[in-house]
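Novice: Let me give you the structure first, and then I'll get to my questions.
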Amino acid sequence: MKTLYIVPTSPHTGLTSVSLGLIQALDTFGLKAGFLKPVSLTRPEENRSVRLVSQVHHLPTPQPLYMPDVQQHIQRGELDRVLEDVVALHNQVARHSLVSDQGSDLVVMEGLIPDRSEPFTTRLNIELARALNADVILVLDGEHPEEELLHTLNAHAGLFQHGGVPVSGYIVNRVPDNRESSALNTELCCLGSVPWTPLLTSPRTLDLLSPLSAHALYTGDLAQRRVSSIQLGARTLKHTLPQLTAGTLLVTPSDRDDLILAAATVASQGTPLAGLVLTDGGEPCDVLMPSCQGAWQTGLPILSTELSMNEVASRLTSLSAQVPEDDTDRIRHIMHSISDHLDRDAILHLLDRPESLRLSPAAFRFNLVQQARSDRQRIVLPEGDEPRTLQAAVHCQQRGIADCTLLGNPQRILQLADAHNLTLPDELIIQAPEHLIPAYVDALMERRRHKQLTRDAALSMLEDTVMLGTMMLAEGDVDGLVSGAVHTTANTIRPALQLIKTAPEAKLVSSVFFMGLPDQVVVYGDCAVNPDPSAEELADIAIQSSDSATAMGIPARVAMISYSTGQSGSGTDVEKVRQATALVQQLRPDICIDGPLQYDAATNAAVARSKAPDSPVAGQATVLVFPDLNTGNTTYKAVQRTAHVISIGPMLQGLARPVNDLSRGASVEDIIYTIALTAIQAQKQNLT
């Protein structure tokens with residue numbers, strides 16, 4: 001679902017008003033918008049934007065994350081968790097759109113206000129836009145000079161551009177009427193220029209009670225009258241009387257009988273003054289009451305405050321421009337004014353602009369967890385007494401990602417849990433290997449009968465917890481296995497090849513890594529298993545990798561990588577890639593594939609236009625299949641370490657039951673997502 005991310009460039013842009021106005025404008029264009037406020041400075045249940053959108057547009061909106069909690073996660077290096085949580089909120093809005101008769105066509109998301117004391121706010125805006133593949137719209141405060149606005153716009157657009165997120169356009173709010181031009185001298189698209197209108201900033205007389213510490217002597221139309229101008233009763237009557245026009249608030253000491261009588265006379269003649277404020281705690285004297293009675297009956301509000309004239313003047317000057325939430329009339333006026341000044345054609349052009357289908361790392365991880373939770377699988381972890389594995393198992397059990405079985409010494413595992421301040425869920429299974437081994441000896445001997453495996457040899461083999469866990473999987477006592485935090489890839493894969501074998505439709509076992517590049521997740525295969533596959537085997541790897549990408553929610557566009565592109569090169573290596581591509585096209589015409597392609601032609605749109613202009617894959621590949629293990633493993637390591645990307649895997653493909661390997665440097669997060677991947681593989685295999 002397309003997302004418009006509204007990002008303010010300064011604290012006073014009228015951000016919430018712009019969000020309301022944009023939703024209103026989209027509605028007039030025939031488009032329904034959902035709304036999301038990802039992070040709130042106030043308590044989530046008190047967030048002003050969420051409450052106003054709910055109140056005015058009647059949109060169900062999830063509660064945002066609380067900024068102090070977000071700060072703590074970022075300080076602990078857990079930005080990814082914040083992004084996943086926001087993707088989850090976004091998913092709530094999108095899911096409601098899918099199941100509701102009043103579903104939305106897109107999501108309007110309101111960004112964080114930049115704060116010089118908290119530089120991470122700008123970074124977080126960039127990361128959120130990238131995670132949700134959002135179109136960024138910058139909002140500027142039009143009260144500043146044009147040169148300053150242009151500098152601000154270029155500076156913020158540059159920050160987003162540097163972060164790999166292009167800015168789609170900008171809106172200038174509160175532009176002075178005397179400004180000759182509303183559009184700035186920039187290539188960025190102006191999506192709207194909203195003029196400053198005094199009427200829209202007019203508070204109700206009711207709204208002055210608290211700021212002026214006042215009380216109403218005569219309520220009148222206190223909730224209906226609006227203050228468009230303020231007149232301080234410090235001058236003579238002849239100078240003050242002409243200023244008493246509709247919407248004027250007269251502030252005067254209570255002993256200025258002449259001004260009080262003048263206000264009453266003007267009100268009695270039909271002029272709807274905003275109100276009369278009497279300072280120094282006074283009230284109209286009794287002598288004036290008969291003459292003023294008619295004015296009170298017109299609805300003129302009379303307020304009294306203990307403050308002095310100067311104190312009242314000071315407070316009125318610093319009066320907040322924020323619209324009270326219960327002032328729905330003013331909110332709607334502002335909303336419609338903004339809507340009327342947005343450029344319909346420019347916004348519709350933005351919405352119609354084709355976008356490359358991609359899945360951001362945060363969205364990918366969120367989807368993994370949600371899909372795994374939809375049908376919980378039993379995952380065995382042979383390295384149960386390894387600290388990272390234990391923490392990941394606890395996390396997965398608590399979040400419902402999988403039902404985990406830890407193989408290891410129970411006493412050692414409990415000690416580790418205490419040392420890491422972990423509370424072990426009741427559902428988490430801990431199995432001592434020596435107690436399980438007798439149950440699998442006969443089954444192992446049967447499976448290795450062609451090797452004349454003896455009982456003693458079987459007992460010895462099962463002392464290896466990876467072999468034991470693989471037997472549990474082979475016998476159907478668990479649904480998947482994850483290992484490798486302390487074991488080598490060979491230690492993890494060899495038992496699977498010996499006991500589980502390949503799936504009926506697979507020619508070989510291969511692997512893929514899910515590479516979390518800054519703006520999207522792509523699939524690399526094979527980077528861990530097959531040293532030098534033949535053309536037929538390479539075709540099978542491509543098919544498996546494409547299916548794996550699709551199963552994990554990644555739109556599969558497969559590039560067969562080589563040192564040349566198209567027909568430009570020759571040699572046995574490039575010919576192997578060419579033959580493999582043709583085989584995939586013949587066996588699976590539904591797969592979008594091209595090759596041979598050089599890496600830059602496969603992934604860079606500008607290079608693709610030059611080297612492979614007619615390719616359906618070049619420049620937008622999401623699955624990259626390497627010609628051999630040397631190329632694949634080297635490339636994956638180089639990208640992972642140089643670009644500092646998150647990689648999940650290797651995920652093994654082609655096995656009859658899911659077994660997955662971990663890097664020995666895997667983090668707790670890596671293990672969690674590998675468990676989720678394994679659970680999803682198990683779900684798919686259970687359906688076939």
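Novice: Just to confirm the number: angle between the C-alpha axis of helix 410-419 and the first principal axis of the chain, 0 to 90 degrees, nearest 10?
Specialist: For 410-419 against the chain, the angle is about 30 degrees.
Novice: Follow-up question, since we're still on this one. From the protein chains alone at 1.4 Å, what is the descending order of accessible area for R95, R48, largest first?
Specialist: Reading off the accessible areas and sorting them downward yields R95, R48.
Novice: Right, here's the next one. Once the mean 1/r over all distinct Cα pairs of region 546-650 is inverted, what Kirkwood radius in angstroms do you read off?
Specialist: About 14.1 Å for region 546-650.
Novice: Follow-up. Accessible area, 1.4 Å probe, largest first: how do K576, K637 sort?
Specialist: Final ranking, largest accessible area leading: K637, K576.
Novice: OK, next. Can you compute the helix-only [θ] at 222 nm over the chain? Use -39500 (n - 2.57) per DSSP H run of at least 4 residues, normalise by all residues, nearest 500 deg cm²/dmol.
Specialist: Result for the chain: -13000 deg cm²/dmol, rounded to the nearest 500.
Novice: If packing is taken as the average number of other Cβ atoms within 10 Å across a peptide's residues, how do 487-495, 274-282, 678-686 rank, most packed first?
Specialist: Sorting 487-495, 274-282, 678-686 by mean packing, highest first, produces 274-282, 678-686, 487-495.
Novice: Okay, moving on. How long are the semi-axes of the equivalent ellipsoid of region 31-73, taking √(5λ) for every eigenvalue λ of the Cα gyration tensor, in whole Å from largest down?
Specialist: On the way: eigenvalues 94, 23, 7 Å².
For region 31-73, the semi-axes come out at 22, 11, 6 Å.
Novice: Enumerate the calculated ³J(HN,Hα) couplings along region 444-449 in order (Karplus 6.51 cos²θ - 1.76 cosθ + 1.60, θ = phi - 60°), each rounded to whole Hz, writing x wherever the residue is Gly or Pro.
Specialist: So the Karplus estimates, Gly and Pro as x, are 5, 4, 5, 5, 10, 4 Hz.
Novice: What accessible surface, in Å², does a 1.4 Å probe find on L436, ignoring ligands, DNA and RNA and rounding to the nearest 10?
Specialist: 30
Novice: Give me the angle, in degrees from 0 to 90, between the Cα long axis of helix 629-642 and the longest principal axis of the Cα atoms of the chain, rounded to the nearest 10.
Specialist: Approximately 30 degrees, to the nearest 10.
Novice: Just the Kirkwood number for region 213-267, please: inverse of mean 1/r across all distinct Cα pairs, in Å, one decimal.
Specialist: Mean inverse Cα-Cα distance, inverted, gives 12.0 Å.
Novice: Also, I was wondering about something else. May I ask you to rank T245, T122 by accessible area, largest first, using a 1.4 Å probe over the protein chains only?
Specialist: In descending accessible area the options line up as T245, T122.
Novice: Tell me, rounded to the nearest percent, the portion of alpha carbon pairs in region 328-446 spaced more than 26 Å apart.
Specialist: Result: 53 percent of Cα pairs exceed 26 Å.
Novice: Please give the solvent-accessible surface of H420 in Å², to the nearest 10, using a probe radius of 1.4 Å with every protein chain present.
Specialist: Approximately 80 Å² of H420 is accessible to the 1.4 Å probe.
Novice: Any idea what the relative contact order of the chain is, in percent, if you count C-alpha pairs under 8 Å spaced at least 6 apart?
Specialist: 11
Novice: Using a 1.4 Å probe, how large is the accessible area of C396, given in Å² and rounded to the nearest 10?
Specialist: C396 exposes around 0 Å² with every protein chain in place.
Novice: Got a number for carbon plus sulfur as a percent of the chain's accessible area, 1.4 Å probe?
Specialist: Within the chain, the accessible surface is 49 percent carbon and sulfur.
Novice: K37: which aspartates and glutamates have alpha carbons under 16 Å from its alpha carbon, excluding same-chain residues fewer than 8 sequence positions away?
Specialist: Partners found: E45, E46, D69, E84, D85, E110, E127, D135.
Novice: Let me understand region 434-494 better: what is its radius of gyration from the alpha carbons, and its Dmax, in angstrom?
Specialist: 11.4, 32
Novice: So if I take the centroid of the Cα atoms in region 401-474 and the same for region 528-586, what is the distance between those two points in Å?
Specialist: Cα centroid to Cα centroid, the span is 37 Å.
Novice: In square nanometres, what is one fourth of the surface area of the convex hull spanned by the alpha carbons of region 466-575?
Specialist: One quarter of the hull surface, i.e. the mean projection, equals 9.0 nm².
Novice: Still on this structure: Of the listed peptides 558-567, 649-658, what is their order by residue-averaged count of other C-beta atoms within 10 Å, with the highest listed first?
Specialist: 649-658, 558-567
Novice: Per residue, how much accessible area does the chain have with a 1.4 Å probe, in Å²?
Specialist: Solvent-accessible surface per residue comes out at 44 Å².
Novice: Let me ask you something else. For the chain, find the longest principal axis of its Cα atoms and tell me its angle to the long axis of helix 572-587, 0 to 90°, nearest 10.
Specialist: Its long axis makes an angle of about 70 degrees.
The values are calculated or read from the model by the stated rules, or taken from the named source; none is laboratory data. In this text the structure is predicted, and so the values were computed from the model without any measurement. Using ideal geometry, Cβ is built from the backbone for each residue, glycine included, and neighbour counts are taken over all protein chains shown. Side chains included, ligands, DNA and RNA excluded: accessible areas come from the protein's heavy atoms. Shrake-Rupley method; radii C 1.70, N 1.55, O 1.52, S 1.80 Å.
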